[in-house]
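What follows is one structure encoded as structure tokens, with my remarks underneath.
The values are calculated or read from the model by the stated rules, or taken from the named source; none is laboratory data. Predicted model only: the values in this text are computed from it and were never measured. Reconstructed Cβ throughout: ideal geometry from the backbone, glycine too, with neighbour counts over all protein chains shown.
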Amino acid sequence: MSDKLKAIAAEPAEEAQEQEPRVNQSEIEKWLAIRKEEGRKIDPETAEVKWDYAATGDPYRIRSPIHTHYFARSRGSDIWVWFGDLPDATRDALWGKKPVKSPDQINQEWLATRKEAGPKIDPETAEVMWVYAQTLDPYGIDPELPPELEQVGREYFARSPGSDVWVLFDDLPRNVRDALWTKHKRELAFMLLPRDPFSKDKPASVEEF
């Protein structure tokens, strides 16, 4: 789970995760009961919804992460309620009223903006950089990359001056990529970079919702 993903419940949930060894079952059940009760108060017409990665048997991430789950809350409330804890009628109404994009959909749309920005980059004025990143996830947007596929290496990016959109060299048209290598080869060989140049440029599936 990326450390940029916020906890999906209110502060008591965060405390339960941080202090798991000291949280007994009765406290967990009490905390979950609050969600059940709050779920009955959610109005599908005004509710806010989101998804998050979580373990199938632990959607509130009290014990562990992984997988995708969906949540809703009343407007102005700090309590997010798992769809599985909502009354059937409320859950069905939310699915019909507020279709929620999957993480894959969000990531694909985000990646498409890189494909669109690539051909607009002028090699003569472009800014370039490199960063150590997962070679199979150079943008760092896949929180479920299997450990056996993790491999860190240098990845190279370019952007137009003033733009926040960094484009992977592999996503650039070949003529643009070749021109950038010719112009910036020495610079790219010795440049030192910040640890996370994409901190302000990630899809919603990776940052906050």
Residue identified as of a type in the set (A, V, I, L, M), closer than 19 Å to residue 108 by Cα and more than 20 Å from the chain's Cα centre (by Cα) among 145, 172, 188, 136: 172
Test: residue in the range 126-137 that is in a helix (DSSP H, G or I) and either under 22 Å from residue 177 (Cβ atoms) or modelled with pLDDT of 90 or more (or both): no
Residue in the range 185-192 that is of a type outside the set (Asp, Glu), at pLDDT 80 or above and in contact with a helix residue (DSSP H, G or I) (Cβ under 7 Å, 6 or more places away or on another chain) present: no
Odd one out for residue 202 among (1) surrounded by fewer than 16 Cβ atoms within 10 Å (Cβ to Cβ); (2) part of a loop (DSSP other than H, G, I, E, B); (3) at pLDDT below 90: (1)
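I'm checking my understanding of the structure. Among residues of the range 159-190 that are of a type in the set (Phe, Trp, Tyr) and in a helix (DSSP H, G or I), which one is surrounded by the most Cβ atoms within 10 Å (Cβ to Cβ)?
Initial filter on the range 159-190 (of a type in the set (Phe, Trp, Tyr)): 166, 169, 181, 190.
With the extra rule that they be in a helix (DSSP H, G or I), the set shrinks to 169, 181, 190.
Working: 169: 20, 181: 14, 190: 7.
Per the stated criteria, the residue is 169.
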Members of the range 95-125 that are among the polar types (S, T, N, Q), closer than 28 Å to residue 183 by Cα and part of a loop (DSSP other than H, G, I, E, B): 125
Evaluation of residue 49 against (1) modelled with pLDDT under 65; (2) of a type in the set (Val, Ile, Thr); (3) closer than 22 Å to residue 105 by Cα (one fails), failing number: (1)
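Modelled with pLDDT of 90 or more, touching a helix residue (DSSP H, G or I) at 6+ places or on another chain (Cβ under 9 Å) and closer than 30 Å to residue 51 by Cβ, is that true of residue 159?
Numbers: modelled with pLDDT of 90 or more: yes; touching a helix residue (DSSP H, G or I) at 6+ places or on another chain (Cβ under 9 Å): yes; closer than 30 Å to residue 51 by Cβ: yes.
Yes: the conditions hold for residue 159.
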The range 73-94 - residue that is in a loop (DSSP other than H, G, I, E, B) and at pLDDT 90 or above and, of those, farthest from residue 49 (Cα to Cα): 87
